[in-house]
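The values are calculated or read from the model by the stated rules, or taken from the named source; none is laboratory data. Predicted model only: the values in this text are computed from it and were never measured. In this analysis, Cβ positions are derived from the backbone assuming ideal geometry, glycine residues included, and neighbour counts consider all displayed protein chains. Accessible surface is based on the protein model in full, side chains and every heavy atom, while ligands, DNA and RNA are left aside. Shrake-Rupley method; radii C 1.70, N 1.55, O 1.52, S 1.80 Å.
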Protein chains: 2
Amino acid sequence: LTRIAVFASGRGSNFRSLARAAAADDFPGRIELLLSDRKDAGALAIAAEFGIPSAVVEDGKPRGRLSPASEASLLAACREAGAEWICLAGFMRILGAGFLGAYPDRVVNIHPSLLPSFPGLDAQGQAFAHGVKVSGCTVHLVDAGVDTGPIVMQRAVGAEGARSADELAARILAVEHELYPAALRRLLEEPWERRGRRIVFTRNTEVGP
Amino acid sequence: LTRIAVFASGRGSNFRSLARAAAADDFPGRIELLLSDRKDAGALAIAAEFGIPSAVVEDGKPRGRLSPASEASLLAACREAGAEWICLAGFMRILGAGFLGAYPDRVVNIHPSLLPSFPGLDAQGQAFAHGVKVSGCTVHLVDAGVDTGPIVMQRAVGAEGARSADELAARILAVEHELYPAALRRLLEEPWERRGRRIVFTRNTEVGP
C-alpha cells in the first residue's frame, strides 16, 4: 500500500472523503498522517476518528507561503511517516520548491473550479460573479504556481440556477468528495505518464503526442 | 418572429444547426440573412439550401478586425433585412464598437471551450495541450473583447481519452450543434436579464445579487 500524508487547514471534508475511501480493503493507499497548519482545524478531529496520527505545524501566518522552518518541519514529518504521496485537502498554504522537490509529481491538490478557469482563492465566488453556467472541480499535481499544475481528473458541475456563490460551492463540494478519492485511486493504481503538461492514463486508448 | 442575421466565415456547420432549428414551426425566430466575409464559405451553399438570402462582404484580409467600410456594409445589410439579433457562427472577424453599439447585447457567438478558459483562436488545441479532462462550449453575448462577453449557456464535454485536438474538437462540435439553437431559443423565448456580467434566466428560481 502506498503511504499517504494529507495536509489540511480547514474543517476537513475532503480529508474525510479520502480517509473513508482509503479505509476500503481494495484502496491502493493508506493515509499515514494528517498534518495541519492550524491547531483549530476540524480535520484533526476527523484524523482522531479514523485513527490517523496527526500533527500541527503553526508558523504564525494564516495564509500564503510557509516559512522555511515550517516547511522543513512538514517535510521531516512526512519522511518520518514514510509518506510517498502528499494530498492537499483544503490546505491554505503555498508549498515551496524545497518541499515540492522532495516529492516531484507526488503532491496532489483538489481545486473547486474547472482549471485553468478561476485559480486561487474563492474559485466558486469568482465563477459565480463571472456568470459561468458550468463549473466543476479539478484534481491536479502541484507545481510551483498557484493551481497551475498538470490536471489529473476533472468533473463538471452545473451552475445554472445557483442563487449564490455558496449554493454553487455546495454543489461543487459534493462532487469534490467523489472526485478526489477517485483521482487518487487512479494515480496509484493505473499506469500513467506525463506528456508535457498532459497526464495520460495509458490503460486508456489515449495515445498521441 | 424575431428576425436574425447569421455571420459565418467557414463551412457553416453551426449555421446549418441554427437554420434547421429555425425552420421548426415553434422556433421564436427566423433567419433572414446569411452574411460572410469569404466568398468561398461553405455557409453560402447552406443558405441557398434553406432558401435564406445571403451576401458576401470581402475586405481583403482573412482575419482580425474588419475595415470600417466592411463593417458599415454588414451593418447596412443587417438593417435592410430588419435583423434584430445577430448570430456569429464561425465568423473569423472581430466586430468593432460601431457594429456592437447598433446591436447592444444582441450579438451572440458560440465558442468551443468552457469560457473563460481558452478564449481566442484554436480553443480546442489550447485545451488539448493544457491537458484538461473536461472542456465544452459556450454561447455568449459579444462585447468588445475576444470571447469575453456574458455567458448565456455552456455545456461540458469530456476530454478524457481524446487522442488529438481534432478528436476533442469533433466531440465539442457535436455538442455545439445542440447548444447554439437551444441558447438562441432561450434568449428569444424566456425572460432574462443581465446582472453585472451574469445572465440570469428569471423563469428559473435563479435570483440573488
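Below, the figures for the structure above:
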| read-out | value |
| --- | --- |
| Residue match in the range A:172-179 (condition: within 11 Å of chain B (Cβ to nearest Cβ), over 25 Å from A:Ile31 (Cα atoms), open to solvent by less than 40 Å² (accessible area, probe 1.4 Å) and at pLDDT 95 or above) | no |
| Breaking point among (1) modelled with pLDDT of 95 or more; (2) more than 7 Å from chain A (Cβ to nearest Cβ), for B:Pro209 | (1) |
| Tally, over the range B:157-171, of residues that are in contact with a helix residue (DSSP H, G or I) (Cβ under 7 Å, 6 or more places away or on another chain) and open to solvent by less than 20 Å² (accessible area, probe 1.4 Å) | 4 |
| Some residue of the range A:180-195 being open to solvent by less than 30 Å² (accessible area, probe 1.4 Å), within 12 Å of chain B (Cβ to nearest Cβ), under 15 Å from the mean Cα position of the chain (by Cα) and at pLDDT 95 or above | yes |
| Count of the range A:129-156 residues which are more than 8 Å from every other protein chain (Cβ to nearest Cβ) and open to solvent by 10 Å² or more (accessible area, probe 1.4 Å) | 7 |
| Among residues of the range A:143-174, those that are touching a Ser or Thr at 6+ places or on another chain (Cβ under 9 Å) and acidic (Asp, Glu), counted | 1 |
| Selected residue (criterion: farthest from the chain's Cα centre (by Cα)) from residues of the range B:94-153 that are of a type outside the set (Phe, Trp, Tyr) and on the phi > 0 side of the Ramachandran plot | B:Gly131 |
